[in-house]
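Trainee: Supplied in structure tokens, the structure appears directly below.
The values are calculated or read from the model by the stated rules, or taken from the named source; none is laboratory data. Keep in mind the model is a prediction, meaning the values are calculated, not measured. Cβ sites come from the backbone with ideal geometry, for glycine too, and all protein chains shown count toward neighbours. Please note that ligands, DNA and RNA were not included when accessible areas were found on the heavy atoms of the full protein model with its side chains. Shrake-Rupley method; radii C 1.70, N 1.55, O 1.52, S 1.80 Å.
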Amino acid sequence: MRRAWARGAAWLAAGVGVVALVVGGGASPAAAHAELLETQPAAGAQLDTAPEQVVLRYSETVDPSDDAIEVFDADGDRVETGDPHHPTGEPKLVAVDLPPLEDGAYVVTWKVVSEDSHPIRGAYTFRVGAGAAGDADAAAAEALKDELVSAEGGDDTVGFLFGVVRFVAFVGLVLLVGGALFLAAVWPGGLGDPRARRLLAAGWAAAVAATLLSFGFQGAYSEGTGLGTVVDTGPIGDVLSTRPGRMWLLRLGLLVLVAVAGAVATRRASTAGGQGRVGPVPGALAAVAAVGLGLFATVSFAGHAGAGDYVGLAIVTDLVHLGAVAFWLGGLALLFVAVLRAQPSPPGATATPAPVPTSTVGAAGVATPEVAGAVGADGEGDPAGDRVTAAVVDRFSTLAFAAVVAIVVSGTVQGWRQLRSVDALVDSTYGRVLLVKVLLFAGMLAGAAVSRRWVQRRRSAAAVVTARPGADGGDGAPPDDAATESTEATSTPTSTSAPATAAPPLRALRRSVGLEAGVAAGVLAVTALLVTTVPGKDDVAPLFATELHGSTVMVQVEVEPAVAGVVDVRLATLSHGGEPVDPPAVEASLSLPERDLPPIPLALEPTGTGTYEAADADLPYPGTWQLSVDVRLSDFEQDVLTGQIPIK
């Protein structure tokens with residue numbers, strides 16, 4: 001049995017270790033989810049009069065810190081500004097008041113944390129007045145901007161370790177909540193098992209430790225600083241004022257309540273004694289579900305589900321997903337650690353092979369005959385313990401199957417919300433990581449198929465024995481007790497018409513469940529990686545292409561990416577037969593009537609015969625932009641073409 005336990009533990013440790021590397025590698029400060037859409041003053045603007053404020057507009061709600069916006073002159077001296085704030089109460093806007101600025105070039109650096117806890121940062125320049133030294137100041141400001149941006153690049157070690165901390169938090173919550181749900185709904189008597197209690201205690205300790213570490217790592221992660229700043233009180237204080245920080249405080253409070261409730265329940269279980277009771281305890285189940293819902297809500301509101309669009313739908317599906325995953329994987333862990341270990345025998349009982357009941361689903365929730373059998377090292381144990389094992393596995397399997405269905409449905413909804421297109425599934429990092437998670441999930445189901453084969457062989461062996469003459473006591477009546485039936489199941493049959501089939505040892509099932517547990521660790525690690533990855537719908541830069549047809553020419557248009565922000569616009573002038581046309585002049589502009597934005601001229605540069613490009617055009621808002629292209633074919637002839645450009 002020790003060798004079987006060691007092999008299962010090795011699978012579990014290997015899964016945790018390997019995927020932790022993947023998780024940490026994905027948690028770099030570059031993984032930003034909100035985007036800067038608009039700046040006032042605009043990037044690169046030359047102003048006749050000094051602005052009174054710097055205002056930045058983001059695509060999502062952001063939490064500004066004290067240094068969310070900083071302004072520097074061309075010499076690198078910091079300009080004293082007001083405190084960052086949300087003007088007019090708009091959470092997507094961040095502004096600082098400026099003192100009177102002298103003529104010259106200035107650098108604006110910005111750094112905020114998006115709603116899902118990820119920092120974004122950058123810098124741009126603008127110039128006030130002209131003056132003889134204007135060009136020199138502008139060059140100095142550009143060099144300073146590059147220097148400041150590179151200094152805010154973040155620390156890979158902090159990103160790696162923060163990813164590991166997130167993973168440990170996931171594992172802890174799954175073991176704690178999932179294990180508690182398993183005990184309340186499937187195996188209430190298991191609270192008297194020391195192995196089960198140790199597993200829940202380990203989950204609680206991991207969740208508490210990882211949550212406490214999250215404050216320091218989030219602070220260093222947001223500031224882009226090194227590992228030495230993880231214990232700095234300043235960044236930690238900033239984290240406490242953000243939504244993730246508030247969620248983590250709530251989680252710690254709930255974990256304290258869990259510790260108190262767990263101590264009371266354990267004391268009552270020790271007083272009552274025994275582990276044989278199987279079946280739900282409604283009061284305990286309701287309490288565990290309520291607290292578990294609260295704990296998982298701290299994950300949902302601090303992550304992707306709490307940001308972006310369709311937030312209500314996202315929160316509900318995320319809670320369903322997390323709860324189902326926790327029950328399945330937490331139950332699987334308890335199966336491996338406690339249920340499939342030797343159950344205590346009543347005083348004076350002798351170890352005999354176990355009965356093989358007839359219907360349940362496999363350890364991972366796939367419909368199979370009942371997984372019940374002896375619990376000793378060689379596949380044998382005592383009948384009382386075996387009956388408990390059979391009933392526990394039977395009940396868990398039924399509920400686990402429902403959990404798998406919930407995981408698939410809620411996971412599909414979540415994937416659609418974060419991807420929105422098939423291209424994003426393949427072309428974005430988020431989509432590729434999600435595919436890895438799906439493959440691991442399929443691997444767990446494959447492990448369940450191995451368990452099913454084990455159970456089918458076990459059931460076949462029992463069926464052969466019960467078909468023997470005299471197996472039912474000679475008169476067709478069932479045996480007096482399960483011990484008699486199970487003893488016959490391993491005896492040598494005397495009938496030549498029904499040859500015996502050897503029952504497979506239980507260690508094969510333990511090995512299969514241990515493998516599933518190792519893969520489950522991989523699923524949790526990839527889940528932690530998804531939290532630190534830009535959603536596919538934001539990562540994929542869609543290309544919009546269309547054709548505009550005029551009376552004389554047509555224009556092929558490409559806009560990349562077709563999202564609010566800086567884009568490249570490419571035009572090609574062709575005859576209606578598809579031949580390149582090289583007109584004397586081409587002018588184009590974009591406007592957004594729904595926001596009353598006047599036409600923005602595009603700085604087109606020729607790139608070939610009849611081809612032009614406007615690089616780094618600034619489209620600050622999503623919406624349906626109106627494109628106007630003026631193709632001058634001669635001094636007396638021109639063609640004006642118009643079309644619509646959807647910008648996300």
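Trainee: Which of the strands (runs of 3 or more DSSP E) contained wholly in the stretch 605-648 include at least 2 residues that are touching a helix residue (DSSP H, G or I) at 6+ places or on another chain (Cβ under 8 Å) and surrounded by 14 or more Cβ atoms within 10 Å (Cβ to Cβ)?
Mentor: 623-632
Trainee: Listed residues 106, 124; which is of a type in the set (Ser, Thr, Tyr), modelled with pLDDT of 90 or more and part of a strand (DSSP E or B)?
Mentor: Criteria check complete, one pass: 106.
Trainee: Looking only at the stretch 191-223, filter to residues that are farther than 18 Å from residue 244 by Cα, touching a Gly at 6+ places or on another chain (Cβ under 9 Å) and open to solvent by less than 10 Å² (accessible area, probe 1.4 Å); which one of those is modelled with the lowest pLDDT?
Mentor: Within the stretch 191-223, the match that is modelled with the lowest pLDDT is 196.
Per-residue answers, yes or no, for (1) modelled with pLDDT of 75 or more; (2) polar (S, T, N, Q); (3) open to solvent by 30 Å² or more (accessible area, probe 1.4 Å):
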site	(1), (2), (3)
7	no, no, yes
15	no, no, no
44	yes, no, yes
54	yes, no, no
61	yes, yes, yes
81	yes, yes, yes
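Trainee: Then there is this: Is there any pair linking a residue in the stretch 590-610 that is under 19 Å from residue 574 (Cβ atoms) and touching a residue at least 12 places away in the same chain (Cβ under 8 Å) to one that is buried (at least 16 other Cβ atoms within 10 Å of the Cβ) and of a type in the set (Val, Ile, Thr), with Cβ under 7 Å and at least six apart or on different chains, and which?
Mentor: These pairs meet every condition: 602/569; 604/586; 610/573; 610/581.
Trainee: Condition (residue is modelled with pLDDT under 65, aromatic (Phe, Trp, Tyr) and at negative phi) applied to the stretch 389-408: is it met by at least one residue?
Mentor: No, the stretch 389-408 contains no residue that is modelled with pLDDT under 65, aromatic (Phe, Trp, Tyr) and at negative phi.
Trainee: Between a residue in the stretch 231-257 that is without any contact (Cβ under 8 Å) to a residue 60 or more places away in the chain and any residue that is among the basic types (Lys, Arg), which pairs come within a Cβ distance under 9 Å, given they are 6 or more apart or on different chains?
Mentor: Listed by first residue and then by second, the contacts come to 240/246.
Trainee: Which of the residues spanning the stretch 47-80 are charged (D, E, K, R) and assigned to a loop (DSSP other than H, G, I, E, B)?
Mentor: 48, 52, 60, 75, 77, 80
Trainee: Can you find a residue in the stretch 128-149 that is modelled with pLDDT of 85 or more and open to solvent by less than 50 Å² (accessible area, probe 1.4 Å)?
Mentor: Within the stretch 128-149, one or more residues are modelled with pLDDT of 85 or more and open to solvent by less than 50 Å² (accessible area, probe 1.4 Å).
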